[in-house]
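For reference, the structure is listed below as structure tokens.
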């Protein structure tokens with residue numbers, strides 16, 4: 001049955017749940033001598049050096065998400081490409097810890113392991129030669145993996161004419177070992193959490209530049225993986241973002257997708273592959289264009305979680321003065337300690353709106369805002385009593401479920417971490433997983449996890465634009481659902497993000513371009 005037998009996704013989800021008992025079982029330990037290199041490197045591929053000077057996204061987060069006027073006639077300029085890639089996946093901080101140099105990126109990632117890679121599929125008519133490119137954030141360059149216009153082939157693989165018409169599409173992939181080194185089988189969830197958070201940056205920056213991004217998760221896996229040179233289960237494509245608004249000449253017939261002649265540098269001396277990840281990904285793969293069409297038809301049968309009333313947005317910002325998007329991205333970093341002080345109620349309302357704003361994606365029926373529901377534990381928010389809440393989409397308000405001080409509960413649900421108990425508010429993003437899988441098959445598991453990553457990424461962006469800290473947290477799966485019951489009956493928790501005032505002064509990052517060099521030998 002492949003994708004259409006959702007038992008595989010449910011079995012994976014159950015097998016990778018955290019519980020009070022499971023986290024106390026003997027662990028694998030971390031093999032620091034086998035720590036994976038944080039970048040994918042093609043040494044021998046032709047290079048295109050990206051410009052070190054490029055614009056910073058000027059609109060605020062609210063303006064970017066709320067509807068920048070679309071531009072027309074944009075070319076695939078190198079400075080635009082550099083801006084999109086840097087503010088999505090570029091290096092914003094470099095820190096030395098003894099012998100180890102650590103790189104922090106524009107988007108958050110579990111364990112700062114950054115398993116998401118970006119590939120560009122470029123058409124003709126711009127400053128880049130048509131072809132397929134890989135982005136190297138370390139040396140801030142593109143490695144040209146293929147020459148020729150492959151838009152027609154990608155359009156067929158995604159069942160999407162928009163790909164054919166746009167001068168630039170970006171394929172997101174995940175490198176399994178880079179995250180599994182620490183998180184083991186559960187790291188398959190992180191493929192979509194981290195890829196979604198990066199995608200949130202890409203969507204916001206694209207819209208700030210007047211583009212109209214569209215997220216595609218329905219595609220023929222073997223074909224897209226072959227196009228970018230990914231070899232599942234070691235690496236696999238997870239999403240395609242089409243940037244509508246970038247003009248290009250009509251597509252030429254696509255050349256054949258012969259094997260890419262360049263081999264990437266090894267990440268470690270050895271890689272460990274987890275059967276659970278390989279099986280979960282294989283069972284959610286689509287084999288041909290017919291399956292993609294059936295999958296898209298399943299999306300139309302999904303039941304909406306609610307309607308986002310556009311008028312609810314009016315007056316949300318009031319006297320809010322959020323930072324510009326580029327400034328917010330440079331300031332962002334996962335908060336390490338919260339101060340337990342209150343955040344403003346209007347800031348929280350705007351964050352909930354930002355988390356719920358409609359995105360154009362093939363896994364969300366047209367006109368709907370989201371497949372997820374948002375629950376919260378409020379600890380310290382002006383104008384709200386401490387307690388548990390459920391977000392009401394139509395009014396963009398939090399509706400109370402239980403009143404009381406649940407700081408200790410929030411900390412416990414977040415794997416007994418102080419960040420959960422110290423935060424001003426903790427959001428739990430939940431899905432009617434059984435229903436989603438019933439319509440979308442195992443592929444639906446990818447979709448809801450990826451959307452959760454996007455929503456958390458948007459929460460990060462707006463929170464930091466208002467000087468509020470944020471951090472993503474892992475959780476005790478079943479305990480989350482039980483705490484919010486009966487409102488959460490039939491749901492599964494996908495992600496958690498905590499917001500609050502940091503107990504320290506956050507220092508902004510900066511644009512790091514070509515400030516690091518890859519080692520001569522790796523993994524020998």
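The values are calculated or read from the model by the stated rules, or taken from the named source; none is laboratory data. Treat the numbers as computed from the prediction; the structure is a model and nothing was measured. For neighbour counting, all protein chains shown are included, and Cβ atoms are generated from backbone atoms with ideal geometry for every residue, glycine included.
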| Scan of segment 331-345 for residues that are touching a residue at least 40 places away in the same chain (Cβ under 8 Å) and not in a loop (DSSP other than H, G, I, E, B), ordered by number | 331, 338, 343
| said: Could you check segment 320-330 and list, in sequence order, the residues that are outside any helix (DSSP H, G or I) and surrounded by fewer than 23 Cβ atoms within 10 Å (Cβ to Cβ)? | reply: 320, 321, 323, 324
| message | Can you find a residue that is surrounded by 15 or more Cβ atoms within 10 Å (Cβ to Cβ) and either modelled with pLDDT under 95 or on the phi < 0 side of the Ramachandran plot (or both) anywhere in segment 19-31? | response | no
| task | Identify the single condition in (1) surrounded by fewer than 19 Cβ atoms within 10 Å (Cβ to Cβ); (2) assigned by TED's automatic domain parsing to the domain that holds residue 187; (3) within 29 Å of residue 182 (Cα to Cα) that residue 262 does not satisfy, given that it satisfies every other one. | result | (2)
| remark: If we keep only residues of segment 484-505 that are within 26 Å of residue 324 (Cβ to Cβ) and exposed (fewer than 15 other Cβ atoms within 10 Å of the Cβ), then the residue modelled with the highest pLDDT is 503
| query | Which is more than 25 Å from residue 203 (Cβ to Cβ), surrounded by fewer than 24 Cβ atoms within 10 Å (Cβ to Cβ) and in the same structural domain as residue 491 (by TED's automatic domain parsing), of 365, 386? | reply | 386
| query | Which of the residues spanning segment 160-176 are in contact with a strand residue (DSSP E or B) (Cβ under 8 Å, 6 or more places away or on another chain) and either without any contact (Cβ under 8 Å) to a residue 60 or more places away in the chain or farther than 17 Å from residue 248 by Cβ (or both)? | reply | 172, 173, 174, 175, 176
| message | Among the residues that make up segment 125-138, is at least one of them buried (at least 20 other Cβ atoms within 10 Å of the Cβ), closer than 30 Å to residue 297 by Cα, touching a residue at least 24 places away in the same chain (Cβ under 8 Å) and in the same structural domain as residue 279 (by TED's automatic domain parsing)? | response | yes
| query | Looking at segment 346-426, what strands (runs of 3 or more DSSP E) fall wholly within it and have at least 1 residues that are in contact (Cβ under 8 Å) with a residue 40 or more places away in the chain and closer than 26 Å to residue 297 by Cα? | reply | 373-378
| message | Quick check on segment 184-206. Is at least one of its residues in a strand (DSSP E or B) and either out of contact with any helix residue (DSSP H, G or I) (no Cβ under 8 Å at 6 or more places or on another chain) or surrounded by fewer than 22 Cβ atoms within 10 Å (Cβ to Cβ) (or both)? | response | no
